[in-house]
1. So Arg241 passes all but one of these: (1) out of contact with any helix residue (DSSP H, G or I) (no Cβ under 8 Å at 6 or more places or on another chain); (2) of a type outside the set (Val, Ile, Thr); (3) in a helix (DSSP H, G or I); (4) at pLDDT below 85. Which condition number does it fail?
2. Taking the condition hydroxyl-bearing (Ser, Thr, Tyr) and at pLDDT below 65, does Thr480 pass?
3. Can you list residue pairs whose Cβ atoms sit under 6 Å apart, with the first residue in the stretch 186-205 being farther than 21 Å from Gly221 by Cβ and the second being among the aromatic types (Phe, Trp, Tyr) and assigned to a loop (DSSP other than H, G, I, E, B)? Count only pairs 6 or more apart in sequence or on different chains.
4. Name the residues in the stretch 410-437 that are among the hydroxyl-bearing types (Ser, Thr, Tyr) and either closer than 15 Å to Asp464 by Cα or surrounded by fewer than 20 Cβ atoms within 10 Å (Cβ to Cβ) (or both), would you?
5. Only one of these is in contact (Cβ under 8 Å) with a residue 40 or more places away in the chain, within 26 Å of Arg704 (Cβ to Cβ) and not acidic (Asp, Glu): Arg736, Arg727, Arg715, Arg768. Name it.
6. Within the stretch 106-141, take every residue that is over 18 Å from Thr37 (Cβ atoms) and touching a strand residue (DSSP E or B) at 6+ places or on another chain (Cβ under 7 Å) and give me the one that is surrounded by the most Cβ atoms within 10 Å (Cβ to Cβ).
7. Kindly indicate whether any position in the stretch 357-378 is part of a loop (DSSP other than H, G, I, E, B), crowded, with 20+ Cβ neighbours inside 10 Å and on the phi > 0 side of the Ramachandran plot.
8. Does Arg99 satisfy the criteria of being of a type outside the set (A, V, I, L, M) and surrounded by 20 or more Cβ atoms within 10 Å (Cβ to Cβ)?
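The values are calculated or read from the model by the stated rules, or taken from the named source; none is laboratory data. Model, not experiment: these values are computed from the prediction. Note that each Cβ is placed from the backbone with ideal geometry, even for glycine, and that neighbours are counted across all protein chains shown.
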Amino acid sequence: MGSRTAQRDWPLLSRARERDELAAAVDRAPVRARIVTGAPGVGKTVLAGAAAARTGRDVVRVIAQPELAAIPLAAFAPALAQLGVSHDPARAVPELLARVGRNAGRHLMLVDDAPWLDEVSAAAVHQLVRGFGVPAIVTARLGEPLPAPLARLVDDGVAEVRLLGGLGEDEVARVLEERFGVPVRHEHVARLAARTDGNPLFLRMLVEAAVRRGDVEVQAGLVEIADGGTPAGLLDTIAARIDGLDAAQRRQLHLIALTQPAERDLVDRDDRDARVTERLIAGGAVVEEDTTGRLRIAHPLIGEALADDADRADVAIEAATRLREHGRPHERFAATLLELRAGAEPPPSDVVWAAGYAYGIGDLGTAIALAAEALGRGDALDPADRFAAALTSASARSVRGELDAAEADFAVAAAQARTVGERAALAARHGEHLAYRRFDVAAAIAQAEAVQRRASGDGAAGLDADLRLWRAILGQVHETTAGPADAELPPEVAVRGAMAAIMTESMGGRADAAHEAAAALTRVQERMGVLDPAAAAMLGFNEYIHLLSLGEHERALEYAEARRPDAGDGVGLWTCVVAEHLNYNGRLDEALRATALAVDQCRWRDGMGVLALTLALQADTLAKAGDVAGARGILDSLEPAQRSEPKAVMMIAECEAWLAHADGDDARAAAIVESAAEAAAGVGYLLVAAISLGVCIRLGRVERAAAMLDDICARVPAEFGLYTALRDVAVALRDRQPAHIAPAAIRLGRAGMAPTALDAISLALRMRPGAEARHRLETAAVTLSIGVDAPLIQRREAPLLSARQLEMALAAAGRERSREIAERLGVSVRTVDNLLQTVYRKLGVSSRDELRSALVEAGLLAD
């Protein structure tokens, strides 16, 4: 063969079709993780890398390794270094979420060997995909279990698994021809493809072994590869690591596998246990976490190897006993699951409790399974436990969208309800199901009112907040302000009542009542444990609304972004909040991505009934972007009850106003918003009413809007800067006082409504203001237009300063000399001086000191 068999780089087949499909899927909405599985050596990593490179995104590499599976955030180490993020997990995760999550449209995660991810890395991947919409391409060996956070992505439909098979005969032929420079005889190709099942690594090993043995030759211009011995195994077996263990070590290892990450005092009951554990660590079968000292098995396959031990059931029951003795909720939950899997029968009340715990942490499938297990106990279950199990199953099925099955379980719970507290809890959960899933708000109100009429004491008082929220959906005024969740109320009722109160009080501008409702929710959660998967999402909602109302929009946005990673199944609420914030702030490209993610998340889980709002928000954002057909299509798809939901009503009205504006009918656009704002304010939704009246400002139709905003401001605290800025802008436009608009517009822009402020400034400039007022208006426009990519209604003139002129002005005001600016920006000194003279003329200044003062006045520089 001569040079035909000389060692050369083994050719990598591009798999162009699979690569392009995978790359194209990254930009497809809704955002998903694409998990490529296959046998070892099939080419998963090569394919994933090629697809990632083709997307043009900034790739965040996450590389899992068995040796590092116990080290927190080890898989993200290359990415942390690349991003300049601290390696301390306590600091790294928030920074990672901030850097990557908030720029989801620019990034792509490339996760290699996902089954070996450490816990912290796996959780971070889950948060970035589920909570922030960062797409991911993930590789995993076929047959190896995914970490729980990634498995949940698959279960929830947020990850798609793609099996990568071996190469076909044609592809094997191409690879071999590239390897040898001439074609390989067909029957040899067919034989090698069949023997290796097209696995590229196995193929390479067989062929190169044949080359080394001299079993490759050329006959009649074709390569022939003789049969050779199959290399011994492609994978090391994990069993070799534990074969030499004695019975005590093996049992201790199994105990650690079942309880990991295990506290030392749970595993080591005496000195003998401690010595056994140390030998397991020294032998590499067990690893100890550096930061916590908790114990884990060194490899997931160790647990599988131990599963066939004769005493496996006894070890499982012993592990459950130890976990239960520790007494913490998550350990009690794990103990119940272990007992059930081992064939033991834990107390029925424990199974019912475990079902409720699973529901509370958002593990809905497990909650349903455990509730069914409990209900299957028949007469062994007392009526209170039967009620609790049926209610848990009904609630979990409702959230999962299994509406008919949920109704059947609610009926079982209703038949078992004996006390006022049980009937109130049923009314709260069933009402949520009726109002947010069946869109039958009237039925939700009717069944809650029936419970209140039958109540002889205060046990149903916690339903008042829910009733207030549901009545608002139907446009009914309900003046009674919900009180704090009382310690005497049933926990489920207290939690639901507090959640509803946070929403209604925040929207009504009643900050003290909203804070008290949030504090009450926290107290009940701390006292009783997690009771509702949506409750965590509501904690902090009142704080966001308070910051927004004060006019501190940057802090409000920062707070909302920080809540997304911890919101659990309620993440859709916070993504919707962020998307709406970006929409009003004029950052339209970001808002479009965030609204698409929010809709996806709320279709998945919608504990607080915000799906209608997210759909309306998506339609509004599309309308602002000029996609009239897309916006109309979403509005037409809404159910009648969704269209009347008060959080959605104003957004729907805004979208319809934009569509009317697109048709050239600004009078009808303003009338739509005014009518909806009046109705929203009438049921106490003051914040959404005030914000939406900003559309009237942008349209220049402010007569009625100014009066309505004045009335709304009289009902909220005077320090609520967002409300007062909207009022002051509207009043100044109505009264044709352009000199008063610049300071109010700056306050409005800083409160998060830059496009509204910019349109107001354009309207003021048409009122022929004096020279000083014009200067102030134009300077304010420079400040407020930074970062705004949304189309404006009123602006016809170009910005006072171009982006390059503003860059020069900031540099000069920062004491950079013209030569330094020129060198940094790669332009001539003459260009810098000419641009600065233009800036001086436009801003009416004559020196760098005056320039600095003007930019400080405009808010572009710190004083």
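1. So Arg241 meets the others, but not (1).
2. yes
3. Arg204/Trp10
4. Thr419, the sole residue that qualifies.
5. Matching residue, one of Arg736, Arg727, Arg715, Arg768: Arg715.
6. Within the stretch 106-141, the match that is surrounded by the most Cβ atoms within 10 Å (Cβ to Cβ) is Ser121.
7. The answer is yes, given that some residue of the stretch 357-378 is part of a loop (DSSP other than H, G, I, E, B), crowded, with 20+ Cβ neighbours inside 10 Å and on the phi > 0 side of the Ramachandran plot.
8. Considered against the rule, which asks whether it is of a type outside the set (A, V, I, L, M) and surrounded by 20 or more Cβ atoms within 10 Å (Cβ to Cβ), Arg99 comes out as no.
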